[in-house]
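Coordinate-derived values only; no laboratory data. Just so we're clear, the structure is a prediction, and the values are computed from it rather than from any experiment. Please note: Cβ atoms are built from the backbone with ideal geometry, for glycine as well, and neighbour counts cover all protein chains shown.
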Amino acid sequence: MNIGSISGVVATPFAGAYCASKAALDVATDSLRMELEPLGVRVITVQPGGIRSSFGQQAKDSVSLKTHSFYKPIEAGVLLHANESQSYAMPTEQFAQSVVHKVLSEDCPAVLRLGSLSLDLQIMRNSVFLWLWIIL
C-alpha cells in the first residue's frame, strides 16, 4: 500500500511540486500493481483528501509573495485556501481505521479514496470552478 493524495490525480494551483510527486507515486504504484498481480500480491494506492493535520498551516506559514508579484492581488485567497482541506477534514484516527478496514477486506479497490474533497476535487478537475474556489 502506498499513500498518495487526490492531488496526484487533480492538480491544484500553487501546489505543482506536491501534485507532481503524488502523481509519480500513483503511476509507480500502478506499475507495481501490474508487475505483482501474477504473483498474487495486491497493491493498493490510497488517495486521501483532507485528513486532519498541520500540513496546510505549514504551507501557509511558508508563503510570502513579493509586492510586485503577479499573484499578489490573490495572495489572501491563496493563503485562505492553503488550509481549506482542514475545514471538513477527516479525523486522523478515523482515516487510519478506515484504511485498515478497507485494506484487509476482500473487496478493497486498487485505488482507495477517503477524506474530505477526495471525490469533489476529481469532479471539479480541469474546471474554472477549481480556480474560483482557490482564489475567492
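Based on the convex hull around the alpha carbon atoms, segment 1-80 presents an average projected area of 6.2 nm². Toward the positive end of the charge dipole of segment 1-72, about the Cα centre and with charges on Cβ (Lys, Arg +1; Asp, Glu -1), which of Phe70, Ile6, Cys19 goes farthest? Result: Phe70, furthest along the dipole toward the positive end.
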